[in-house]
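The values are calculated or read from the model by the stated rules, or taken from the named source; none is laboratory data. In this text, all values refer to a predicted model and were calculated from it rather than measured experimentally. Glycine also receives a Cβ, built like all others from the backbone with ideal geometry; neighbour counts cover every protein chain displayed.
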Amino acid sequence: MTTEAARDKRRRQRRSILGKAGIYFVLSFFALLMVFPFVYMAASALKTPADTFRYPPKVLPRQAATVEVNGEERPLFLLPIDGIDTEVVLIEEGLEAGVFTDPVSPEEELAWPLSLALPTGELVTVDGESLEVYAVTVGDRSSELALKRNTVVGRFESTAGDETYAVVRTAPAAESVSAEWQNFSEVLQRPAMERALSNTILVTVLVVLGVLFTSIMGGYAFARINFPFRNAIFVTYLGSIMIPFIVVLVPLFQLMVAFDWIDHLGVLVWPFLFNAYGTFLMRQFFVGIPGELDESAVIDGATRWTILWRIYVPLSWPAIATLGTFSFLYAWNSFVWPLVAINTANTESYVLTIALRQLGGQAVESPNLIFAGIVIAVVVPISIFIAAQRYFVENVATSGIK
Amino acid sequence: MGLPQSSKEERLAVNATISSPVRARPGWLMALGLWQLLFGLGSGVAMGMVASGTGIEVIGTPRLVLLGALGLAALLALLSVFDIWRLAHRGRLIAFVLNLILAAVAGFFTLQEVNVFNGLDALGANFGRGLPFLAVMAVGWLVSGWATGVRPEWERALLLTSRGLMAVGAGALLLSVGLLPGLWTFLTRIVQPPAVIFLAVAVLAVLVLRLVKSSQATAAFGSTSKQLEVIDGIAFVSPNILGFLAFLGGPLVISLFVSLTDWDGLGEASFIGLGNYIELLTDPFFHRSLLNILFFGVVAIPLSVIPALALASALNMKLPGMRVFRALYFLPAVAGVVGVALIWKQLYNATIGYINYALLQLTEFVNLIPGLELTAPQPQWLSNPSTAMLSMVIVFVFSTIGFNTVLFLAGLQGVPPTLYEAAELDGAGVWGKFRNITIPVLAPTTVFVSITTTILALQLFSEPFILNAPQLSPNGPDNATLTPVIYLYQNAFERFNQGYASAIGWVLFLVIFAITIVYFRTQREDGVLTS
């Protein structure tokens, strides 16, 4: 009886370990899918333009490796010495050489200096062609190879002093992983980019502050102050979340034309200081704060204004952080409205999203710059998200559904 | 707005009023009545001007709305004069609302005349210089965050440092971005008409507001605390309500009107009834866009909802490292659609892109099975009509799946763990628990997630606009990625058929609305069935 129970327990444990491994496998697979584009972005932002067009693609940025020889930067090549690919430097060029081949397997060729090949005087027929046979010394081995044609090679030397020979033009260059950090400064020097960055920060800061202010006010009113039609107004206001922004795109544009705000930075800020979602979020949080607090404060003669900012706001940091992060992401990443409201020619009022989109069309020849631009645009919201994650994920989502 | 309720003098005044045996009508009350009378007459005159078209020219629905609003204001103002004379609280309430609106409108026009709204450009031009100081402020803010939970003697020092950093940062920021010249320009402009007139009206309205809200007025009108609460409530929701009316509600009404005209956004608009909507019925491009978005929705919505549900239930197992996964899944939602789309544009590249390279590698791997000789598909993802929309689906799913996962996770965290424990005791396996507990409990969340994803999917714009937009009219190959919103954008801002574009917007709105209602219906039926 007990042994059977123990066996059952062990079986269960084994199953649960297997299950956990399976879960981690699936989660990691999805995580890889989600993260790979960002890894690719970050790595490509550090590449040279040519490196971005490499095929087969390599994730890490690579550049031709060099070595200092007699105070001079010389390119490194990657050539086989004793069957092992070794980094070598070109020492001498223009050596008379021949292209040799093994009569047994004529598809393999070797370019080697004639000074290391001794004619044997024999002839061999390869592919219907009569060729001279040479005794070719490679390293400390000598083999009999047929001379196909003449060529010119260079002498390469490794750091260990080993020598090898190859045709310079076709010798594969050695590469090392190295980053082009100046891509970032270069992309910021492009027209509109630097200004777009500071504009985006300005617009986002103002929108976040405005949304926080109006949402805290409205949330408090809807949560704690009784006034006629309060719930009807609240539901109507909340229902406005369902109106697609697209429906008001044209009339809002026309309104902004009437106000003469089009093409100015303000057009990205002033209409977006009010947010039904934010009001809703703050209301949900305020409702959970015990109401006796403000009753006693009212008796003490405090105004609602002081109650709100002295009692409610300090208790509501999780909700405020959440809403702040949300409106930050919303403002920072907003694309359609800036696209419509800011004229393409007016780079002074660009924000990052439209500057990036333009860069994506212009810098087709150097995708590394596009990626550097994306990194600049993406790194701020990602850092903010990581900082605020604690509140963000747990808080928003719950109140979003209730 | 923050209106301090009672200062010392006011309290003394209250005592004075209460102590007098008769409810006298003091001078300020007469002034208030007179102001309200002026308000009513002014609104009436403005209404007359709008009606006759002299001085103020507005057309269409906005004109009707404005006429109605002014007429209502005039009536209410006159009513409040009567109430104020009777010392009825209603007069106070009306006066408060009307003057709040007046203060907002006059304040708006003042700032508009002084060019404060567009003055943000000047701030933007210098803002780069201020960024280091903004960083100083941010550091100060972070310091205040660390201050909680450390030793008390440190807390004081940290808080002081934090406040100091923030104050110095703010001061330096304002100076470096040119606060002083800005203020000077503001002052020189605000003393010139018409700004100064608007300013005077706004200041007067604010003074009246203070008066109406004062405790002196409370005493005179004998308002109860409940009635006072109403005034407070209106004051607190007013920023939201006014903003909503100005920038969402108002435009929505205008949009409905514009959709019934042939307006090009510049010239005269003539009313053509349902003409735009009838034209949409036979517009092949609009039909194409609807078909495209239907395909997109049918493929993309399940793909971004169902795996999210599975991922969320895996993340909910409370194993170590789940927070990291959760954050990783959320990355695309945080990064923003433009950046994400541009990254994918490179990944989709048919000759050097990673996707086709991965397909090649995968095929080679599969071909290791003896007897198999598959050729790797190397599609031209974005320029081939049959894969273009599929490419959009992938990017969309990539950007939305993480957010949906977090929403599901939140729904799951509301499930009592005892439910799962009880099921385990009954011998339920992983699948059984998922099928019989997770899915029913998550029904409301699923509806919510599906609705938000659907609304997003139907408004697909940025992905095709960026991925398929080397030229100005990005319809993709053979209109394969023409979506309703792209069609709307093209009509509104490339061809300037703004009436037609508004009609497209409304059709889209109605579709979204209908789908939302259907979703809610199914949920209700499910609820009936399961309970």
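Does residue B:233 satisfy being in contact with a helix residue (DSSP H, G or I) (Cβ under 6 Å, 6 or more places away or on another chain), buried (at least 17 other Cβ atoms within 10 Å of the Cβ), at the interface with another protein chain (Cβ under 8 Å from one of its Cβ atoms) and without any contact (Cβ under 8 Å) to a residue 60 or more places away in the chain? Yes, satisfied. Those helices (runs of 4 or more DSSP H) of region A:171-240 in which 2 or more residues are within 23 Å of the chain's Cα centre (by Cα) occupy A:182-189, A:193-224. The requirement of being surrounded by fewer than 17 Cβ atoms within 10 Å (Cβ to Cβ), assigned by TED's automatic domain parsing to the domain that holds residue B:110 and of a type in the set (A, V, I, L, M) is satisfied by residue B:197. Listed by position, the helices (runs of 4 or more DSSP H) inside region B:312-370 whose residues that are more than 19 Å from residue A:388 (Cβ to Cβ) number at least 2 are B:337-348, B:354-366.
From the list B:272, B:352, B:241, B:343, which one is more than 8 Å from chain A (Cβ to nearest Cβ) and among the aliphatic types (A, V, I, L, M)?
Of B:272, B:352, B:241, B:343, the one residue that is more than 8 Å from chain A (Cβ to nearest Cβ) and among the aliphatic types (A, V, I, L, M) is B:272.
Screening A:283, A:230 for residues that are in contact (Cβ under 8 Å) with a residue 24 or more places away in the chain and either basic (Lys, Arg) or under 26 Å from residue B:509 (Cα atoms) (or both) leaves exactly one candidate, A:283. Scan region B:85-120 residue by residue and report those that are β-branched (Val, Ile, Thr) and modelled with pLDDT under 85. If the condition is that a residue be β-branched (Val, Ile, Thr) and modelled with pLDDT under 85, then B:114, B:116 are the ones that fit.
Kindly indicate which of B:212, B:203 is out of contact with any Lys or Arg (no Cβ under 7 Å at 6 or more places or on another chain) and either among the aromatic types (Phe, Trp, Tyr) or in a helix (DSSP H, G or I) (or both). Answer to the check: B:203. Against the test of being in the same structural domain as residue A:233 (by TED's automatic domain parsing) and surrounded by fewer than 20 Cβ atoms within 10 Å (Cβ to Cβ), the options A:344, A:322 yield a single qualifying residue, A:344.
Here is a yes/no grid of residues against (1) crowded, with 23+ Cβ neighbours inside 10 Å; (2) out of contact with any Gly (no Cβ under 8 Å at 6 or more places or on another chain); (3) at pLDDT below 85:
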position	(1), (2), (3)
B:430	no, no, yes
B:436	no, yes, yes
B:441	no, no, yes
B:449	yes, yes, no
B:459	no, yes, no
B:462	yes, yes, no
B:483	yes, yes, no
B:493	no, yes, no
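Here's the yes/no breakdown for (1) within 14 Å of another protein chain (Cβ to nearest Cβ); (2) modelled with pLDDT under 85; (3) part of a strand (DSSP E or B); (4) closer than 28 Å to residue A:153 by Cβ:
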position	(1), (2), (3), (4)
A:37	yes, no, no, no
A:46	no, no, no, no
A:78	no, yes, yes, yes
A:101	no, no, yes, yes
A:112	no, no, yes, yes
A:121	no, yes, yes, yes
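Okay, residues lined up against (1) free of Cβ contacts under 8 Å to residues at least 60 places away in the same chain; (2) more than 9 Å from chain B (Cβ to nearest Cβ); (3) farther than 28 Å from residue A:386 by Cβ; (4) not in a helix (DSSP H, G or I):
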site	(1), (2), (3), (4)
A:251	yes, no, yes, no
A:254	yes, no, yes, no
A:266	yes, no, yes, no
A:293	yes, yes, yes, no
A:296	yes, yes, yes, no
A:313	no, yes, no, no
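Quick one: is residue B:255 within 12 Å of chain A (Cβ to nearest Cβ), surrounded by 22 or more Cβ atoms within 10 Å (Cβ to Cβ), out of contact with any Leu (no Cβ under 6 Å at 6 or more places or on another chain) and farther than 20 Å from residue B:206 by Cα? Considered against the rule, which asks whether it is within 12 Å of chain A (Cβ to nearest Cβ), surrounded by 22 or more Cβ atoms within 10 Å (Cβ to Cβ), out of contact with any Leu (no Cβ under 6 Å at 6 or more places or on another chain) and farther than 20 Å from residue B:206 by Cα, residue B:255 comes out as yes. Condition first: within 11 Å of chain B (Cβ to nearest Cβ) and either part of a helix (DSSP H, G or I) or touching a helix residue (DSSP H, G or I) at 6+ places or on another chain (Cβ under 7 Å) (or both). Now tell me which residues in region A:298-311 satisfy that. Listed by number, the residues that qualify are A:298, A:299, A:304, A:305, A:306, A:307, A:308, A:309.
When the criteria are applied in full, residue A:169 fails the requirement of being surrounded by 14 or more Cβ atoms within 10 Å (Cβ to Cβ) and among the basic types (Lys, Arg).
Of all residues in region A:342-361 being part of a helix (DSSP H, G or I) and more than 10 Å from chain B (Cβ to nearest Cβ), which is farthest from the chain's Cα centre (by Cα)? First the steps, then the outcome.
Our first condition is that a residue be part of a helix (DSSP H, G or I); within region A:342-361, this holds for A:347-349, A:352-361.
Narrowing the set further to residues that are more than 10 Å from chain B (Cβ to nearest Cβ) leaves A:347, A:358.
Values: A:347: 25, A:358: 18 Å.
Checking each candidate, the answer is A:347.
Please pick out the residue among B:139, B:168, B:143 that is farther than 23 Å from residue A:198 by Cβ, in a helix (DSSP H, G or I) and of a type in the set (Val, Ile, Thr). The unique qualifying residue is B:143. Quickly run through region A:234-246 and pick out the residues that are under 25 Å from residue B:238 (Cβ atoms) and facing chain B (nearest Cβ under 7 Å). Of everything in region A:234-246, those that are under 25 Å from residue B:238 (Cβ atoms) and facing chain B (nearest Cβ under 7 Å) turn out to be A:237, A:240, A:242, A:243.
Considering only residues in region A:325-341 that are part of a helix (DSSP H, G or I) and hydroxyl-bearing (Ser, Thr, Tyr), the one that is surrounded by the fewest Cβ atoms within 10 Å (Cβ to Cβ) turns out to be A:330. Is one or more of the residues making up region A:90-97 over 19 Å from residue A:170 (Cβ atoms) and surrounded by fewer than 17 Cβ atoms within 10 Å (Cβ to Cβ)? The answer is no; no qualifying residue exists. Can you find even one residue in region B:123-134 that is more than 9 Å from chain A (Cβ to nearest Cβ), free of Cβ contacts under 8 Å to residues at least 24 places away in the same chain and farther than 22 Å from residue B:206 by Cβ? So far as region B:123-134 goes, yes, one or more of its residues are more than 9 Å from chain A (Cβ to nearest Cβ), free of Cβ contacts under 8 Å to residues at least 24 places away in the same chain and farther than 22 Å from residue B:206 by Cβ. Pick out the one residue from A:113, A:119, A:106 that is over 23 Å from residue A:170 (Cβ atoms) and in contact with an Asp or Glu (Cβ under 8 Å, 6 or more places away or on another chain). None of the others qualify; the one that does is A:119.
Residues in region A:280-291 that are assigned to a helix (DSSP H, G or I) and crowded, with 16+ Cβ neighbours inside 10 Å: A:280, A:281, A:282, A:283, A:284, A:285, A:286. Scanning region B:368-422 for residues that are among the β-branched types (Val, Ile, Thr) and in contact with a helix residue (DSSP H, G or I) (Cβ under 8 Å, 6 or more places away or on another chain) yields B:375, B:393, B:394, B:395, B:397, B:400, B:401, B:405, B:406, B:415.
Residues satisfying the criterion are absent from region B:290-309 (criterion: at the interface with chain A (Cβ under 8 Å from one of its Cβ atoms) and free of Cβ contacts under 8 Å to residues at least 60 places away in the same chain).
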